[in-house]
Every structure is written in structure tokens, then in C-alpha cells.
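Please treat every number below as a calculation from the coordinates, not as lab data. Note that the coordinates shown come from a computational prediction; the quantities given were computed from them, not determined experimentally. Counting neighbours? That spans all protein chains shown, and the Cβs are built from the backbone with ideal geometry, glycine included.
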Amino acid sequence: MATKTLNVGMIGYGFMGRAHSNAYKQVGQFFPGDYRVVLKAICARDEAKAKAFAEQWGYESFETDWRKLIARPDIDVIDICTPNNLHKEIAIAAAKAGKMILCEKPLAMNTPEGVEMTEAVEKAGVANMVWYNYRRIPAVTLAKRLIEEGRLGRVFHYRAKFLQDWTIKADLPQGGQGLWRLDVAAAGSGVSGDLLAHCIDTAVWLNGAMSSVCCMTETFVKERMHTLTGKVEAVGIDDACIFMGKFANGSLANFESTRYARGHKAQYTFEINGEDMSISWDLHDLHRLSIYDYKDESKLRGWRSIHVTDNSPDHPYMANWWVPGLAIGYDSSFTHQVADFLMGLETGKPQGPTFRDALETQQILDCILASAKTRQWVDVPKT
Ligand code: SOE
């Protein structure tokens, strides 16, 4: 029985606002614990939209000024779902006000901002987490367990891709609601911060720190109409980003993301090749983990596809859902993230990725963009 409440104040109401709200609503039903999550307030600049969102998702109240939301004594946790250029100011103000913080990815526009944010939450001693949700898809968490059990042996290769195709049209504007991801002033970067950030977070979590990178980026559409100014303006984001690199464990990295891969909507894939086992995963088939185990008898050896839906503790998170064989989806990864955040509060053991963990991803992002600019290899500073 929940004996405590966690009052959420969420800033932003776009795609992520919906994904997080859904998670807050589901978590108590599927992962009951000490805390009851209360949708206390939603904040958005446009009053009509804030009100409509509050009504649709069941928030008790709404605000139009995030500073007012942070000042409210009845809010425990601030959830930042705004464009990236607002993360820093909001997070630092929330930390100073003693609020816990859940921040959308990437943590910041760049590493110096990320450092300030991390220092602020650590100084304030407030619980914090960044929404790198893909770690908590059961098949991906199972991959982590297999690696921790030492099943892969020495790792040689880690390759990841995140492919989309939604910005190919040259007359798609940049900026404003929904399209801020194309505006460098709001997003900080393009596919690197938006998509590769996920791949890097998962990679560092599964395979450890990266030591060096070499990258190339491309902006295929150089100018777009800006929704806010009405003028045709230069495009400052990377439309595609490809990098190779090395992990501290000696394995080689091969990463690609683009929004120009016609036919691919959100194809996030990774494959890890170890001496004893290879693992691969594909977001389009998210409940499956493919493995090749060299320790199998030679006559039976081959790639096998594990349907990660068993409701035993062997399949992460699944015991809390339906019955074996019935899959869950993308949305559940956010529910798992909230469940783990609450578990961190209950046990006093913070669950990652914390701001500090996400700072490592931020640093790699800065290094790949610096490498693309200078056309040189860049060493990733040790964190
Ligand atoms: C972009 O289209 C996007 O929505 C990202 O912002 C998300 O982080 C990613 O999970 C799916 O694609």
C-alpha cells in the first residue's frame, strides 16, 4: 500500500509530455510501491493548451509560467519535457528550490551546460534522472544482464544505428512546436543529440566508457523557412551523423544516425560481438533479443531469437505485466523508468541514468561534433 505521495509538476506537453504522463498513470497499477504518483500540475505557455492537456490527462491544475510551478510548495518533482535550450535554466532553478528532477534527453545543449546542471543537482542533493528510456525495454535490460554475467567474453565490436526519414522534404519548416528539433537554437544539434544520444547512452551502459571518436556529419537541406520568424534561415543542425570510435575495453564502435533513410521511421538497432556470444536488438521488434552463443553444441549453434515476455524474474520487468508470450511496447519503457526512479527513492539507491551518467553521453556528443568540425580524431576526456 502506498503511504507516500509524489506530486509531479510537468513542463511541456508534446510527444514526451504524453509519454511521461502515461507512465505516471500506469506505474501505480503495474509497479505498486511506497509512492503514489499524483499528476499535480502541467505547465505550458499557452493557457488553452495547458488547460486542455490537464483535462485530457487528469492533471489537477495548470500553470503558464514554469517559475511559478517551481515555486509551488505542493510540487515534489519537476519533469522537464521542453526543447533542449530550456533544460539548463529550469533544472538549475528546480534544484535550487529543492525539487527532484526528471529531465528529457539529451541532458543539455552541450557539456558546459551539463556540468552546471549536474553540479546544481548534486549540490542541492535532489534526486535526478534523465529519460534515456530505451535502457528499460526488457530485451535491452536482458542484454545488460547477459553482459554482467560475463557471457560475451572479450568484446570486439559495438555497432548501433538510429534511422528515420521524416525531414527529407526540403519545404518542411524549422522551429516552433513539433519542429524545434530542426532549429539549432532550440535543439543544440540534430540527429546526434536527438537520436545518437540514445545509442550512446545504451552503449556506455552496456559496454563501458568510450575513449576516442572520429565523426562526419552532413546537413542535406541547408536552408529552411523558420516558423517563428517567417524567414528562410540557414539550417544549423546535423541531418546525418556517422562516427567510429574506440571503447575503453578495446572494442571498436560504429554508429550512424540520420533522418534521411527513406523507409525507416525509428529504426534503432544495436549489435555487440563478443568472443563467446553476439547480441543484437531492433526497436522495430523490441520484445525480441537475438543471441548467438558460441558455447552451444556445434550441431545446434545458430542465431536464436528470445521472445522476452516470460513473466518470471528472468525477463526484466515482465513479471509485473500480462502472461507469458504477450508483449508490451515502447510506452512501457517510460513506466519502467518511473518505477525505477521510485524504487531509488524507496531504497536510497539512485537509479541511472542520473545527470552525472548523462553527462558522459553529453561529453561524447560534444567530442563527435568537434571531430566532425575539425576532421580529426578526438579523445574523450575521462569523467
Ligand atoms: C525524434 O523523432 C524522436 O522522437 C526523438 O526525439 C526521441 O528521443 C526518439 O526516441 C524517437 O524519435
Based on DSSP H assignment, which helices of the chain show an axial Cα extent of at least 27 Å together with a mean Kyte-Doolittle hydropathy greater than or equal to -1.0? 355-374
Can you tell me the length gained on complete extension of the stretch Lys231 to Gln376, counting 0.36 nm per residue apart and subtracting the Cα distance? 48.7 nm
More than 38 angstrom separation, counting every C-alpha pair in the chain; what % is that? 18
In what sequence, highest mean first, do 297-308, 280-291, 222-233 appear when ranked by Cβ atoms within 10 angstrom? 280-291, 222-233, 297-308
Magnitude of the Cβ-charge dipole (Lys and Arg +1, Asp and Glu -1) of the chain about the Cα centre, nearest 20 debye, reported as 140
Going Cα to Cα from Lys231, which lysines come in below 30 Å? Please leave out same-chain ones fewer than 8 positions away. Lys49, Lys88, Lys105, Lys169, Lys222, Lys265, Lys373
Cα atoms only, segment 4-133: Rg and Dmax in Å? 13.8, 39
Along Cα→Cβ, 7 Å out, is where each label goes; now give me the distance between the ones at Glu122 and Arg36 in nm to one decimal. 3.7
Do the sum for the chain: with -39,500 (n - 2.57) for every DSSP H run of n ≥ 4, divided by all residues, what is the mean residue ellipticity at 222 nm, to the nearest 500 deg cm²/dmol? -10000 deg cm²/dmol
FRET efficiency, 1/(1 + (r/R0)^6) with R0 35 Å, evaluated for Lys4 and Arg45 via beta carbons: 0.65
Mind giving me the nanometre distance, one decimal, between the label points for Ser298 and Glu55, set 7 Å out from Cα along Cα→Cβ? 7.1
Can you tell me the dipole magnitude for segment 4-133 around its Cα centre, using point charges on the Cβ only (Lys, Arg +1; Asp, Glu -1), in Debye to the nearest 20? 180
Pairwise FRET efficiency - Glu271 versus Lys25, Cβ, R0 = 35 Å, nearest 0.05: 0.50
Taking K and R as +1 and D and E as -1, what net charge do the other residues with C-beta under 12 Å from the C-beta of Arg288 add up to? -1
Note, Glu122: beta-carbon cut-off 13 Å, +1 each Lys/Arg, -1 each Asp/Glu, net 0
Compute, for segment 221-307, the length of the dipole vector about the Cα centre, with Cβ point charges of +1 (Lys, Arg) and -1 (Asp, Glu) only. Units Debye, rounded to 20. 300
Please compute the length gained on full extension between Arg18 and Ser211, using 0.36 nm multiplied by the number of residues separating them and subtracting their Cα-Cα distance. 65.9 nm
Segment 252-339: translational diffusion in µm²/s, Stokes-Einstein, Kirkwood Rh over Cα pairs, 4 °C, 1.567 mPa s: 85
Looking at the chain, send over the antiparallel percent of its DSSP beta bridges, to the nearest 5. 60
Just want to confirm a number: the relative contact order over the chain, from Cα pairs under 8 angstrom separated by 6+ residues, in percent. 19
Could you give P(r) for segment 329-376, binned at 10 Å from zero, as whole percent values over all Cα-Cα pairs? 24, 30, 26, 16, 4
What are the residues whose amide H is under 5 Å from the amide H of Asp79, where those residues sit 5 or more places off or on another chain and H is modelled from the backbone? Gly9, Met10, Ile11, Leu102
Packing-ranked peptide list from 368-379, 151-162, highest mean Cβ count within 10 angstrom first, is 151-162, 368-379
Give the long-range amide H neighbours of Gln174: residues separated by 5 or more places, or on another chain, with amide H under 5 Å away, using H modelled in the peptide plane at 1.01 Å from N. Met225, His226, Thr227
With an 8 Å cut-off on Cα pairs and a minimum separation of 6 or more residues, tell me the relative contact order of segment 4-133 in percent. 23
Any idea which of Phe220, Cys103, Ala2 is furthest toward the positive side of the dipole for the chain, if Lys and Arg beta-carbons carry +1 and Asp and Glu beta-carbons -1? Phe220
Over what distance in Å are the Cα centres of segment 139-157 and segment 248-322 separated? 10
Which value in nm describes the separation of the simple spin-label points at Thr64 and His284, placed 7 Å from the Cα toward the beta carbon? 4.5
What percent do you get for the relative contact order of segment 146-266 when only Cα pairs under 8 Å and 6+ apart count? 39
Segment 1-110: GluC sites (Glu not before Pro) in DSSP loop, at most 14 other beta carbons within 10 Å: Glu60
For Met210, which sequence-distant residues (separation of 5 or more, or a different chain) have an amide H within less than 5 Å of its own amide H, given hydrogens modelled in the peptide plane? Ala248
